[in-house]
Each structure stands twice: as C-alpha cells, then as structure tokens.
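Each remark here refers to the structure printed beneath this line.
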Amino acid sequence: MEEKKVINFSPGPAKLPEDVLARAQKEFLNFNNTGVSVMELSHRSADFSQIIGHAERDLRDLLEIPDNYKVIFVQGGGTGQFSAVPLNLIDLKPGASADYIVTGSWSAKSAKEAEKYGKINRVLPKTEKYSVIPDQSTWNLSPEASYVYYCANETIHGVEFQFIPETNGVPLVCDMSSNILSKRVDVSKFGVIFAGAQKNIGCAGATLVIIREDLIGFSDPICPILMDYKTQVGNNSLYNTPPTYSIYIMGLVFQWIKEHGGVAQMEKNSRQKSTILYDIIDNSNGFYQCPIERDSRSRMNITFRIGVNFEDEALEKKFIDEAHQNGLISLKGHRSVGGIRVSIYNAVHVHEAEKLGEFMKNFQRLNI
Ligand SMILES: *Cc1c(COP(=O)(O)O)cnc(C)c1O
C-alpha cells in the first residue's frame, strides 16, 4: 500500500497497522457482503457475533489465556476500570484493604479513584518523581489485601515493570493499557488484566478485560450494572450495546499480530526499536538524557530531555518542530512532565524507529 508521509509516534490514540486501516477501508461500506457497514450492524446479528467471537478467539490464542479466564469488551476506557476494579473486587475479603503499587500518573489516578470505594494501602512511599520500579523487597504488601494493583507500563513517565509482582496468592490486577500484546505474559499469574484499546490494540472506544472466573460475583451493591463483571461476562459483553466498531478494529489488529509472528515477534521488535533509541540517548554525552533508571525503562514510551545544560526547553521545542517538518510527529512529552516522549507501540516499524534515530543523531550534531 501507499507509503505514509508521516511517522506517528503518538502516545494514544496511536498508530494502527497500515494493513488494518486498509482492510477496514475495503470493508467500510459493505462488510462481508451484508450490504452495510460494521457500524450499521446490530450487535445481536450473526455477523457481529462472528466479529466478537473471532476477536476473543484470536486474543486467547495470542496470550494463551487459560480456560478459567473470561474475556469481555466494554466501554469506559482504562479510566472506567479504575472504578470497576474496586467496585468488583474490594469486597472479595470484607473489611480488607487493597494494595496499590503507585509507579506513575496512571496508577496514582487509579489509587485515588479506588479510595472512594474502600481502604487503599499504597505499598510504596509517596513521590512526585517517578523514575524507577523499586525492588520488590522494599514493598509494604499486606497479606490480607483483597487484591494487589499495578500498572505494567506507565505511559506518561516511561516506566515499565520488567517482572510480574509476587503476591503470594493475593489476586493481582494489572493495567496493561499501553503494553498489552507487546510481550509474552503468563496470564495465570493474574486475577484481572485490563487495557484500553487505543494505545496498542486498536482505536478508542473499547476496553478489554480478562478476569479469572473465581473473582466474578463479588461486586459492591452500588456498582453500576455496566461495570459489573458478572453482568458483562454473563451476557458475553452484550448486556447493552458494546462499542461494535472499535471491537471490529481490535479484532483486525489481533489478526495482524497473528500474521506477523505473534506476541513473541512483537516482543522482539519492541526490544529492537527501544534499544536503537536508548543507545542513541546513552551515547549522546548528555545531550539527550533519559530520567528513568535503566532496568525500569519502558520499551513502549521513551522519555527524554534535551540540552547539555539539562532541560533546555527552547531546544526541545526546536526538536519537536524540526522533527514535525521531517514527518516525525507527536513527540511532545506529556504536559505534566515536559520534554520528549517517543511512543513505539506494535504498529511502529523498526525502520521507523531507525529513521527517528537518524534524525536524533543529526539534530545533536547540528545543535551541540
Ligand atoms: C491511556 C491510559 C489510561 C487511560 O485510558 P483512557 O482510555 O483514556 O481512560 C490508563 N492507563 C494507562 C496505562 C494508559 O496508558
């Protein structure tokens, strides 16, 4: 297909595979000879049933999800799950609190939301500067907790867990919104995994939730019916109208991953892309600085500052502007942290990361 004029490094909604967009375009007006668009199909039609069923089967294959886990597709984004998780799980052990491992903005937000519904224990000392995943030996986990919550990849700060926390039997809940399907994970270690689609697996509107069966059915009586895992599981995500088009796109992304070597290949690619960029940062004699400690660095969102005098905001603006003129777009860091953020999700090709790397080297040469 036609080569795009820009390379999109957006943190989300983010780049989708070209093939997925082309396929959606081809099927846009007339899906599978139905004569209508996916957008116009009843969510209870046989055709949509195929779409959602296929998406679930492909996801199960890709992640090797064990049979005692349910998969649902819901609305509300990652943020919706910040509320749904405590509303469904806080009463697992009546009177108990939930442990939150806060390592960046997203887990901080989820802990704050959970506090509305129950007692929360923050297992790490409070900080504003998120630059590391502290060693598990320093955590203050409670053996009595209803669940332990963490965010696998902090999209804003660029901090990623390189391991799965050990909770000694307490159900583990994970926000994988920005790194799901970018590496192999042992699903059996988790109680709940959720992910909004628009970072790594589709377009905005749909949220994926994977839930271990024995954790279903404990929701708080005030839990909105839409957020109740039992309702959504019991109705195969069709209690009310689900985000049909977004689920369709997610299904196409799953097929694309399967056709491109599966999760193992995505993992390899992400390692390769992130290594290209971190090597340039680390070999820049301080021109580029990554504030994240080496073994906590994200493979998906690479954050750095520019300037031998540290955080030269004028130079950072120049970098973003000149990159944009060269077709390298959406590189501005999150407004809460500043600097540069390069998001390289599954859909970003290795050669695209290389192209940005070339630009970074040239920019340093010309601005040192
Ligand atoms: C983007 C993001 C969210 C929030 O997702 P919404 O769909 O906007 O609610 C939550 N967690 C992580 C890790 C994210 O990257």
Exercise for the section: Describe numerically, in nm with one decimal, the distance between label points set 7 Å from Cα along Cα→Cβ at Lys258 and at Glu358. Expected result: 3.6 nm
Problem - Label-point separation in nm, Asp47 to Arg271, each point 7 Å along Cα→Cβ - result: 4.3 nm
Completion exercise
Most packed first (mean Cβ within 10 Å per residue), the peptides 13-21, 238-246, 163-171 order as 13-21, 238-246, 163-171
Completion exercise
Heavy-atom accessible area of His351, protein chains in place, probe 1.4 angstrom, given in Å² to nearest 10, is 100 Å²
Fill in the blank from the handout: Of region 197-213, those with amide N under 16 Å from the point 7 Å along the Cα→Cβ vector of His54 are none
Handout entry: For a label point 7 Å along the Cα-to-beta-carbon line of Asp214, residues of region 150-172 with backbone N under 14 Å
Key = 168-172
Fill in the blank from the handout: Under the rule rounded for a/c under 1.5, else prolate if a/b exceeds b/c, else oblate, using alpha carbon gyration tensor axes a ≥ b ≥ c, region 76-143 is classed as oblate
Fill in the blank from the handout: When the charge dipole of region 262-366 is computed with +1 at the Cβ of Lys and Arg and -1 at the Cβ of Asp and Glu, the Cα pointing farthest to the positive end, of Gln289, Ser330, Phe304, is that of Ser330
Exercise for the section: May I ask for the distance between the Cα centers of region 256-306 and region 226-243, given as a whole number of Å? Expected result: 36 Å
Handout entry: Relative compactness, region 20-260, computed as alpha-carbon Rg over 2.2 N^0.38 Å
Key = 1.03
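How much length would be gained if the chain were fully extended between Arg23 and Thr127, taking 0.36 nm per residue of separation minus their Cα-Cα distance, in nm to one decimal?
The Arg23-Thr127 span can extend by a further 32.9 nm.
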Completion exercise
One would report the antiparallel percent of DSSP beta bridges in the chain, rounded to the nearest 5, as 60 percent
Exercise for the section: Once you have a ≥ b ≥ c as the square roots of the Cα gyration tensor eigenvalues for region 98-210, tell me rounded if a/c is under 1.5, and otherwise prolate or oblate according to whether a/b is larger than b/c. Expected result: rounded
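The values are calculated or read from the model by the stated rules, or taken from the named source; none is laboratory data. In this text, all values refer to a predicted model and were calculated from it rather than measured experimentally. Cβ coordinates were reconstructed from backbone atoms using ideal geometry, including for glycine residues, and neighbour counts include every protein chain displayed. Protein only, heavy atoms only, side chains kept; ligands, DNA and RNA dropped before computing areas. Shrake-Rupley method; radii C 1.70, N 1.55, O 1.52, S 1.80 Å.
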